[in-house]
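Please read the structure below before turning to the comments.
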Amino acid sequence: MTKIIAYHVRDEELDIIQKWEEKHGVEVKTVENQLTADNIHLAEGFDGLTTSQNKPLPDGIYETLRSLGIRQIAQRSAGYDVYDLEEATKNEIIVSNVAVYSPESIAEFTLTQALMLIRKVRSIEERTEKRNFSWQPEIQGRLLAEMTVGIIGTGHIGRSAAKLFNALGAKVLGYDIYPNDKAKEFLEYKESIEDVIKQADIVSLHMPATDDNHHQFNYDMFKKFKPTAYLINNARGSIVDTEGLIKALDDNLLAGAALDTYERESSYVPKDNREAGISDELFNAILDHDKIMYTPHIAYYTNVSVRNIMTIGLDTTLEVIETGDTKNRVNDI
């Protein structure tokens, strides 16, 4: 019988795995933790491996996997920047991802964040907790239908977000290195990111992390925002220079931000940090900032996404075992 080992499995995913096992006649062993040098030995004797990593693999892990006869790593997320693709390729290991699992889930959360920002929900809740029910200009909202939304990155998720904003009457502008006709139904493309953000009331990021866009949204970029504009980042934390964002907010270069990702989040997300606390002072600055609404990389987190991510991760693992390749491969072998 074909045997697959799945790392970083949560309890809520066990039923999904069991149903998949029964359907495909494949044995799946689950491990609670991410793949590390300390638990890689558990993969011995298995035909394939899937995991959900949010931190880089330790040195030598690819060589060890190869020595164990494992020829692939099926990452269960769209992002795969934690992998050293050159080392993987050198060791003839196919790295795959789950590029599309439920773009609507992230798009709907993006819309939720936007509405919470422009309707001042956080401030209203804080005032309500103090029993202050007065109507004051500082909690007066804005109408989305009278606003311009900028979508940076118009792949599956960006297009889904643009569709929702467009349906509510907002003017939607977009930028992507590779514009596509499907997105043009819901947005108007601009020639540069700067062309978008100088007009946008809400700027929503939906780009993959690359070497070229590391800290692309920095203090100098925020100088080009409207002072009344909001930033939403449901992409990758490394795209935003956190220190630059905090300074920009303190200098009133933009009105606020909703962050579902943070560039150094891997030590804390997804974990319960109530006892250990947060030792990262920059992270604490985000959590304590009255102009930042932070959520723990949870935009994707719906029943549909959880089911699809695990299922596609296992499907991809089996595909490589049976055929030697997969359409979801992200490196060259």
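What number of residues in the range 158-206 are of a type in the set (S, T, Y), within 24 Å of G79 (Cβ to Cβ) and open to solvent by 10 Å² or more (accessible area, probe 1.4 Å)?
In the first step, residues of the range 158-206 are kept if they are of a type in the set (S, T, Y); the result is 160, 175, 178, 189, 192, 204.
Pick out the ones that are also within 24 Å of G79 (Cβ to Cβ) and you get 160, 175, 178, 204.
Still in the running and open to solvent by 10 Å² or more (accessible area, probe 1.4 Å): 160, 175, 178.
Looking only at that region, the number is 3.
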Margin query: I'd like to know if the range 122-137 contains one or more residues that are modelled with pLDDT of 95 or more, in contact with a strand residue (DSSP E or B) (Cβ under 8 Å, 6 or more places away or on another chain) and charged (D, E, K, R).
Written below: yes
Check: Which residues, counting only those in the range 127-155, are charged (D, E, K, R), open to solvent by 40 Å² or more (accessible area, probe 1.4 Å) and on the phi < 0 side of the Ramachandran plot?
Finding: E129, K130, E138, R142, E146
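Mind telling me which of the residues I278, I246, I239 ends up being farther than 21 Å from K163 by Cα, among the aliphatic types (A, V, I, L, M) and open to solvent by 30 Å² or more (accessible area, probe 1.4 Å)?
Values: I246 fails: open to solvent by 30 Å² or more (accessible area, probe 1.4 Å); I239 fails: open to solvent by 30 Å² or more (accessible area, probe 1.4 Å).
The unique qualifying residue is I278.
Table: residues versus (1) under 20 Å from I286 (Cβ atoms); (2) of a type in the set (A, V, I, L, M).
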{"position": "E146", "(1), (2)": "no, no"}
{"position": "G153", "(1), (2)": "no, no"}
{"position": "L168", "(1), (2)": "no, yes"}
{"position": "I177", "(1), (2)": "no, yes"}
{"position": "A200", "(1), (2)": "no, yes"}
{"position": "S204", "(1), (2)": "yes, no"}
{"position": "Q216", "(1), (2)": "yes, no"}
{"position": "L231", "(1), (2)": "yes, yes"}
{"position": "S238", "(1), (2)": "yes, no"}
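For the range 292-327, name all the residues that are in a loop (DSSP other than H, G, I, E, B) and touching a Gly at 6+ places or on another chain (Cβ under 9 Å). Lay out the reasoning, then the answer.
If we filter the range 292-327 for residues that are in a loop (DSSP other than H, G, I, E, B), which is where we start, we get 295-302, 324-327.
Within the range 292-327, just H297 meets the criteria.
So that you can scan it fast, the table gives a plain yes or no per residue for (1) closer than 25 Å to F225 by Cα; (2) of a type outside the set (A, V, I, L, M, F, W, C); (3) not in a helix (DSSP H, G or I):
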{"site": "I106", "(1), (2), (3)": "yes, no, no"}
{"site": "T110", "(1), (2), (3)": "yes, yes, no"}
{"site": "L117", "(1), (2), (3)": "yes, no, no"}
{"site": "S134", "(1), (2), (3)": "no, yes, yes"}
{"site": "A162", "(1), (2), (3)": "yes, no, no"}
{"site": "Q199", "(1), (2), (3)": "yes, yes, yes"}
Checklist line | Those residues of the range 69-87 which are open to solvent by 30 Å² or more (accessible area, probe 1.4 Å), touching a residue at least 24 places away in the same chain (Cβ under 8 Å) and part of a loop (DSSP other than H, G, I, E, B), in sequence order | finding: R71, A78, Y80, D81, D84
Next item on the list: List every residue pair whose Cβ atoms lie under 6 Å apart, where the two residues are 6 or more positions apart in sequence or sit on different chains, the first residue falls within the range 99-125 and is under 23 Å from D288 (Cβ atoms), and the second residue, located anywhere, is of a type in the set (G, A, S) and surrounded by fewer than 17 Cβ atoms within 10 Å (Cβ to Cβ).
Entry: I118/G141; R119/G141; K120/G141
Notebook entry, point to check: Pick from the range 53-68 the residues that are open to solvent by less than 30 Å² (accessible area, probe 1.4 Å) and under 19 Å from S267 (Cα atoms): which of them is nearest to the chain's Cα centre (by Cα)?
Noted result: Q53
Notebook entry, point to check: within 21 Å of L85 (Cβ to Cβ) and aliphatic (A, V, I, L, M) - does that describe any residue in the range 2-20?
Noted result: no
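The values are calculated or read from the model by the stated rules, or taken from the named source; none is laboratory data. These numbers come from a predicted model, not from an experiment. We place every Cβ from the backbone using ideal geometry, glycine too, and count neighbours over all the protein chains shown. Keep in mind that these areas ignore ligands, DNA and RNA; they rest on the heavy atoms of the full protein, side chains included. Shrake-Rupley method; radii C 1.70, N 1.55, O 1.52, S 1.80 Å.
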